[in-house]
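Written out below as C-alpha cells is the structure these notes cover.
The values are calculated or read from the model by the stated rules, or taken from the named source; none is laboratory data. On a predicted model such as this, the values are computed, not experimentally measured, just so you know. Every residue, glycine among them, receives a Cβ derived from its backbone with ideal geometry; neighbour counts consider all protein chains shown. We work out accessible area using only protein heavy atoms, side chains counted, and drop any ligands, DNA or RNA first. Shrake-Rupley method; radii C 1.70, N 1.55, O 1.52, S 1.80 Å.
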There are 2 protein chains.
Amino acid sequence: MSESTATRAYDAVLRHVEESLRSGAIKLGDRLPGERALAEQFGISRASVRHAIRSLEVMGVVRSATGSGPNSGTIVVSNPSSALGGALRMHVASHQLPLKDVVEARIMTETWALEHAAAAPWTLEQIDDARRLLEAMDDEGLPSEIFTLLDSQFHVALSALAGNVVVSTMMESMREAIRDYISDAAARQGSWEEVAQVLRAHHHRIFEAVEARDGALAARLVREHIDWFYGRAV
Amino acid sequence: MSESTATRAYDAVLRHVEESLRSGAIKLGDRLPGERALAEQFGISRASVRHAIRSLEVMGVVRSATGSGPNSGTIVVSNPSSALGGALRMHVASHQLPLKDVVEARIMTETWALEHAAAAPWTLEQIDDARRLLEAMDDEGLPSEIFTLLDSQFHVALSALAGNVVVSTMMESMREAIRDYISDAAARQGSWEEVAQVLRAHHHRIFEAVEARDGALAARLVREHIDWFYGRAV
DNA sequence: CGAGCTGTGTGGTCTGACCATAGTAGCGCA
DNA sequence: TGCGCTACTATGGTCAGACCACACAGCTCG
C-alpha cells in the first residue's frame, strides 16, 4: 500500500526530531529552528516541514506560535494526554471504540491507580491538591460544567498519587475522549443538585480512603462511583 | 496563548469530519471528498485542507493514497493503536513518559485483560488465532525480530479475548511505543536461544491458563513473564 | 526614562505549478 | 468478442513564492 510504505519528504524531519528528543539534544521547553531553516536544513519545501510540525503538534510534542521572541515558533511541550485524548475521541466518534469499553477501561485504570496509591510515596502537597479540588466541588452554587471540570481534575489528581505517569496520562486521555458525553450526561440528569450531592459524598469517601491508604476500599468505592454515574447516564 | 485558543482555518474541516463520523454520515471504509473539493466546500486553501487531513492521519482516522479509482484519496480507517502508539513513542523518546511506567502500565492492562478473559465470551476462532501464533513462535529457527513480532501479536490476541477494544488498543499502543526497546533488549540478550526457550515456556503456560479460563493464574503468569523479561532487559 | 515607531523573524494561509500514481475508458488488433 | 495498449483523468505529494498577522526587540524622540 503506497500510503503505508511510501517515504514522505517530511518523514526525515519527524525521525530527526524523535532522535533528537531521545538523545537529549532537544528537550522540553526548547525551541526548534524555524520552518524556513528546517526546510533549508533538510532540503525540502517549507510546506513539507509544516506537515512534520503538524504531526508533532497532534502528538502533543510541540506547540506553535506566531510572532518573534522566545515564545514564538515551535516549542517542545509535553501534552501526551491531549494527544491521546484527541485520537481516542475521534475513534469514539467514529464508533470504532465503544463508549462502554472506554468506561470499563477507565474503571481499570482508576481502580489500579487508587490501589497502588496506597503504597506510593505521594507528598502532602499532592494530596492537598486533590483536597482543594474536593473542597472546591463542595460549593453548591457551582454550575455543572465547572463541577465536571473540577471532578475530572480531582480524579486525575487522585490517580496521579500512584506515581505512574503513563497510567495518569491514559486516565486523563480517556476522560478527554468522553468529555462531551460526560457533560451531556451531567446536563441531562433530572436534578443536577441531587446528583451533585451524591457525587460529592462519593468523592469524600473516596478521598478519605485514599488518604488513609486503604487501597482496596478506595478502588471499590471508585468503581461503584463510576458505575453509579454511568449506570444513570448511558 | 495564541496557539491554544486561535482558530485555524482547517479546524472547521476537523470538526466537520468528527461530526460526520459521529452521526454516521461517513463510516469506516468511506472515501472523503478530494482535497480540492474540500477546499472549495470550506472556502479555504488546499494547503489548509491538507493540514486537517494530516491531523486525521496522525490520529489513525484516515489514510491517503495517490492515484485514481476507489483506493485513492482519503479513506476512513480505524487505526487507534498506531495513533496512540506513535504519540506514546514520541513521549517516551522525549523522556516525559518513563519506560518503567510504560512497563508497569502494560502489566496493569495485560493482567486486567487476562483476568477478564476468563469470563468473556471469546470464540474458538479467537483462541485459535492465539494458538497459531504460539505455535509459530515454537519454531526454533526464528530470528529474534520475527519472534518479537509474533510475541507482540500473541499478547495482543490474548488480551483481546477480554473483549474490551479500548484496553486492547492501549495494550497494543504501549507495545508499539516501546517496540524498539523490546527489539534492542531481545538483540542484547546474551543467549537469545536460551531466552527464547524461557519465553516459549512462559507463553505456553499463559496460554493454557487462559484457555482453561483461570484468570487469576493467567494474570499472575503474565505479570511474572513481563517482570522476568524487563528485569533482565532494563 | 518612557512611549511610539520601525524592522525582523515567526507561523498561518493562499495560489499555482508540477510530479507520481492508480485506475478507467477507449481504441485497435487478432 | 476479448485482450492489450495507450491516453486521459483525478488523486495526493511537493515545491516555490507571495502575503498576512503577530510578537517581540531595538531605536529614536520628547
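If each label sits 7 angstrom from Cα along the C-beta direction, how far apart, in nm, is A:ARG132 from its counterparts in the other copies?
Result for A:ARG132, in nm, nearest copy first: 5.6.
Hey, if you put +1 on the Cβ of every Lys and Arg and -1 on every Asp and Glu Cβ in the protein assembly as shown, which of A:PHE147, B:VAL92, A:LEU221 ends up farthest toward the positive end of that dipole?
B:VAL92
Name the residues of the range A:40-65 whose accessible area falls by at least 50 Å² when all protein chains are present instead of the chain alone, probe 1.4 Å?
Listed in order, they are A:HIS51, A:ARG54, A:VAL58, A:MET59, A:ARG63.
When you look at the Cβ of every residue in B:23-32, what mean number of other chain Cβ atoms sits within 10 Å?
Partner-chain Cβ atoms within 10 Å, mean over residues of B:23-32: 1.
Among rounded, prolate and oblate, which fits the range B:63-145 when a ≥ b ≥ c are the square roots of the eigenvalues of its C-alpha gyration tensor, a/c under 1.5 means rounded, and a/b larger than b/c means prolate?
Cα axes put the range B:63-145 in the oblate bin.
Pop the C-beta distance of B:ARG223 and B:GLU40 into the FRET formula with R0 = 56 Å and round what comes out to the nearest 0.05.
With R0 = 56 Å, the Cβ-Cβ based efficiency is 0.50.
Among A:GLU110, A:GLU172, A:GLU193, which one shows the biggest mean-square fluctuation in a GNM of chain A, springs joining Cα atoms closer than 10 Å?
Its mean-square fluctuation being the largest, the pick is A:GLU193.
Just name one of A:LEU21, B:MET170, B:VAL49: the one whose Cα is farthest towards the positive end of the charge dipole of the protein assembly as shown (beta-carbon charges, Lys/Arg +1, Asp/Glu -1).
B:VAL49
Tell me, what is the per residue accessible area of the protein assembly as shown in Å², probe radius 1.4 Å?
Dividing the accessible area of the protein assembly as shown by its residue count gives 44 Å².
How would chain B be classified by its alpha-carbon gyration tensor: rounded, prolate or oblate, with rounded meaning a/c under 1.5 and the a/b versus b/c comparison settling the rest?
prolate
At a cut-off of 30 Å², which residues of the range A:79-97 become less accessible once all protein chains are present than in their chain alone, using a 1.4 Å probe?
Residues meeting the cut-off: A:PRO80, A:LEU84, A:ALA87, A:LEU88, A:ARG89, A:MET90, A:HIS91, A:ALA93, A:SER94, A:HIS95, A:GLN96, A:LEU97.
Share of the range B:4-161's accessible area from carbon and sulfur, percent, 1.4 Å?
53
Grab the DSSP H runs of the protein assembly as shown that are 4 residues or longer, score each as -39,500 (n - 2.57), total them, divide by all residues and round the 222 nm result to the nearest 500 deg cm²/dmol.
-22500 deg cm²/dmol
Residue by residue, what Karplus-based ³J(HN,Hα) values in Hz, rounded to whole numbers, does the range A:7-15 have, using 6.51, -1.76 and 1.60 with θ = phi - 60° and x for Gly and Pro?
Per-residue couplings from phi come out as 8, 9, 3, 7, 4, 4, 5, 4, 5 Hz.
Please build a GNM for chain B, connecting alpha carbons under 10 Å apart, and tell me which residue among B:ALA25, B:ALA39, B:ALA120 fluctuates the most.
B:ALA25
Please check which bits of the range B:50-66 a label hung off B:GLU19 would reach, taking the label as a point 7 Å along Cα-to-C-beta and the cut-off as backbone N under 12 Å.
none
Report, ordered by chain and residue number, the lysines lying within cross-link reach of A:LYS100, taken as a straight Cα distance under 30 Å and ignoring same-chain residues fewer than 8 apart.
Within the straight-line limit of under 30 Å, A:LYS100 reaches these lysines: B:LYS27, B:LYS100.
Using heavy-atom solvent-accessible surface (probe 1.4 Å) with all chains present, what is the largest-first order of B:GLU211, B:GLU145?
From most exposed to least exposed: B:GLU145, B:GLU211.
Let me confirm one metric for peptide B:104-111, namely the mean number of other chain beta-carbon atoms within 10 Å of its residues' beta-carbons.
Going residue by residue through B:104-111 and averaging, the value is 5.
Ordered shortest first, which distances in nm separate the 7 Å Cα→C-beta label point of A:ALA187 from those of the other copies?
Counterpart label points of A:ALA187 in the remaining copies fall at 5.2 nm.
For the peptides B:56-68, A:83-95, what is the packing order when you average, over each peptide's residues, the other Cβ atoms within 10 Å and list the highest mean first?
A:83-95, B:56-68
Distance in nm between label sites at B:ARG131 and A:GLU140, each 7 Å beyond Cα in the beta-carbon direction?
Once both label points are built, they end up 6.2 nm from each other.
Can you give the Kirkwood hydrodynamic radius of the protein assembly as shown from its Cα pairs, in Å with one decimal?
Evaluated on the protein assembly as shown, it is 23.8 Å.
Does the range A:2-76 come out rounded, prolate or oblate by the C-alpha gyration tensor, with a ≥ b ≥ c the root eigenvalues, rounded set by a/c under 1.5 and, if not, prolate when a/b is larger than b/c and oblate if not?
Prolate, since a/c reaches 1.5 and a/b exceeds b/c.
Only protein chains counted, 1.4 angstrom probe. Which residues of the range B:154-171 are at least 30 Å² less accessible in the assembly than when their chain is isolated?
Checking the loss per residue gives B:ASN164, B:VAL165, B:VAL166, B:MET170.
Measuring nothing but label to label, 7 Å from Cα along Cα→Cβ, what are B:GLY43's distances to the other copies in nm, shortest first?
Reported distances to equivalent positions: 4.3 nm.
Before we go on, tell me the buried accessible area for the A/B pair, both chains summed, 1.4 Å probe, in Å² to the nearest 100.
Summing both chains' loss of accessible area gives about 5300 Å².
Which Rg and Dmax, in Å, describe the Cα atoms of the range B:147-231?
12.9, 37
Measure off 7 Å from each Cα along the Cα-to-Cβ vector at B:ALA201 and B:ALA120, then give the distance between these two points in nanometres to one decimal.
In this crude label model, B:ALA201 to B:ALA120 measures out at 2.8 nm.
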